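Working notes for the structure below.
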Amino acid sequence: MSILSLARFQFAMTTVYHFFFVPFTIGTAFIVAIMESMYVHTKNESYKKMAKFWGNIFLLSFAVGVVTGIIQEFQFGMNWSDYSRFMGDIFGAPLALEALLSFFIESTFIGLWVFTWNKVKPGLHAFFIWMTSFGSLTSALWILTANSFMQHPVGYAIRGGRAVMVNFSALLKNPQLWFEFGHVILNAIMMGGVIFAGLTAFQLLKKRSISNEARIIYKKTMRLSLWMSLIFAIFGLVLGDMQMQYLVKEQPMKFAATEDVYTTTGNHAPWTIVGIANTKEHKVQDNIDIPYVLSILSYHKTTGAVTGMNELNAQYKKKYGKNIDYYPPVNTLFYSFRIMCAISAWIILVSFVGLIMSRKKSGYLYKHKWTLWVLALTTFLPFIGNTAGWFVTEFGRVPWTVYGLFTIQQSVSPNVSVASLLTSNIVYFVLFTALAITLIGLIVRELRKDPTQVIEPKFKKVLDPFDKEAF
């Protein structure tokens, strides 16, 4: 085990675990805001109870996301100090905006939302949760602004061996940012819909009796959640297609790796369904191809060649130096991309069929356990799909931390040891496991509650110790 491999594993572990909760929080906050807005518009108490009941699940995700986010930021100083020195001037501005602006908005309005039920007008209370959602959206924007620079550096100059920001607006105009941001947000809202629909299915599968009012709330949740997952999964798929066309031009090595293309294709590029990349000989084995399809996916026409990784590696050696190879982990990218796409397609199918089966005239969804089990088990797929998507984004940049400017080898801290990294990896793993067990236990406890009984708690009157009548 090397220092570099342990540092990379630790950052991957903290990032993946944190990213379980980023889209979870963004998506559930957005849908809870819609639920409360429906209450404000219709005055139907069911929507208010829906917002309060599912809002508790959102709050748990938010809390764990904050904890894991803090741990993740420690990584830059602990294991990646040379990277922090190189990128500090670029990272500083968006990370400061995320903490001082977006997180401030989130934390302020989430407190107002939690503690002002029945104390302010319904419209104002709904505004609080929408501002919380807005804060989470802008938080993602600033983080992805920094990440997009790592994928496609813009608005900078190299001074004294460091990247220095010379144009902040260029970071916000970076086309990579808007593809990433749109894709993340659309899939986050889709994930929120899948989670609420899946948890609702688990609730309906319970053997205990459910009151008619609770059943109405669950059915309303199911319909709304399935609509959210269907609409935003479709939008996410469309934007993902646009993003891949962008990668053909801007990050051709990443694109070629996701499609197992080692040798530049002919004008009618075949699409590899399955295959094994031989990373030593730089060729594909045991592959099954469909003619023309890769050209259609890449250029939306039947003609168009895709540049292979072997040719691109030769180009990069001339441009950046011959001391390293520029191949990313091909098999990881190839199958991560297919897992992500397959999960998106499955969610679209399940959401569409679920909406048909849950119509008032049919009600087929609620009469058969197997349909509810399909939805319940689908709950876990967005976590896998989002992780696979981030594998494509981050592994596709290998061997760079900042594309074309700074390598992973250059980024690691010079003063860390194998022993310290191994110890911190074990500590973080134990901590994350404990957090996961705690979160699952708290979610299960919340789900055991009756959504019709989620009401504002009554507090005893607090005496003012300075009041002459207090004693």
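The values are calculated or read from the model by the stated rules, or taken from the named source; none is laboratory data. Model, not experiment: these values are computed from the prediction. When we count neighbours, we look across all protein chains shown, and the Cβ atoms used for this are built from the backbone with ideal geometry, even at glycine.
When Ala342, Ala376, Ala388 are checked against the criterion of being free of Cβ contacts under 8 Å to residues at least 40 places away in the same chain and of a type in the set (A, V, I, L, M, F, W, C), Ala342 stands alone in meeting it.
Annotation note: of Tyr299, Tyr335, the sole residue that is surrounded by fewer than 17 Cβ atoms within 10 Å (Cβ to Cβ), aromatic (Phe, Trp, Tyr) and closer than 25 Å to Thr264 by Cβ is Tyr299.
Here the condition is being surrounded by fewer than 20 Cβ atoms within 10 Å (Cβ to Cβ) and part of a helix (DSSP H, G or I); of Phe76, Phe128, Phe149, it holds for Phe76 alone. For region 127-148, the criterion of being of a type in the set (A, V, I, L, M) and touching a Ser or Thr at 6+ places or on another chain (Cβ under 7 Å) is met by none of the residues.
Which residue out of Ser102, Ser133 is under 21 Å from Ile185 (Cα atoms), surrounded by 18 or more Cβ atoms within 10 Å (Cβ to Cβ), at pLDDT below 95 and under 19 Å from the mean Cα position of the chain (by Cα)? Step through it out loud before you land on a result.
Working: Ser133 fails: at pLDDT below 95.
Every option except Ser102 fails the conditions.
Out of all the residues in region 16-38, is one or more over 16 Å from the mean Cα position of the chain (by Cα) and surrounded by fewer than 20 Cβ atoms within 10 Å (Cβ to Cβ)? Yes, region 16-38 contains at least one residue that is over 16 Å from the mean Cα position of the chain (by Cα) and surrounded by fewer than 20 Cβ atoms within 10 Å (Cβ to Cβ). Of Asn331, Asn313, Asn323, all but one fail to be farther than 20 Å from Glu180 by Cα, over 27 Å from the mean Cα position of the chain (by Cα) and in contact (Cβ under 8 Å) with a residue 12 or more places away in the chain; the exception is Asn313. Is it true that some residue in region 272-291 is outside any helix (DSSP H, G or I), charged (D, E, K, R), out of contact with any Cys (no Cβ under 9 Å at 6 or more places or on another chain) and under 27 Å from Gln151 (Cα atoms)? Yes: one or more hits.
Is it the case that region 275-284 has a residue that's among the basic types (Lys, Arg), touching a helix residue (DSSP H, G or I) at 6+ places or on another chain (Cβ under 9 Å) and farther than 30 Å from Met35 by Cβ?
First, pick out the residues of region 275-284 that are among the basic types (Lys, Arg): 280, 283.
Of the ones still in play, those that are also touching a helix residue (DSSP H, G or I) at 6+ places or on another chain (Cβ under 9 Å) are 283.
So of that shortlist, the ones also farther than 30 Å from Met35 by Cβ come out as 283.
Looking through region 275-284, at least one residue is among the basic types (Lys, Arg), touching a helix residue (DSSP H, G or I) at 6+ places or on another chain (Cβ under 9 Å) and farther than 30 Å from Met35 by Cβ.
The number of residues in region 375-386 that are surrounded by fewer than 19 Cβ atoms within 10 Å (Cβ to Cβ) and touching a Ser or Thr at 6+ places or on another chain (Cβ under 8 Å) comes to 0.
So, in region 176-217, of the ones that are part of a helix (DSSP H, G or I) and among the polar types (S, T, N, Q), which residue ends up surrounded by the fewest Cβ atoms within 10 Å (Cβ to Cβ)?
To start, the set of residues in region 176-217 that are part of a helix (DSSP H, G or I) comprises 176-205, 212-217.
Now restrict to residues that are among the polar types (S, T, N, Q): 176, 187, 200, 203, 212.
Details: Gln176: 24, Asn187: 29, Thr200: 27, Gln203: 21, Asn212: 8.
It comes out as Asn212.
Considered as a group, the residues in region 366-417 that are assigned to a loop (DSSP other than H, G, I, E, B) and of a type in the set (Val, Ile, Thr) include one that is nearest to Lys219 (Cα to Cα), and that residue is Thr379.
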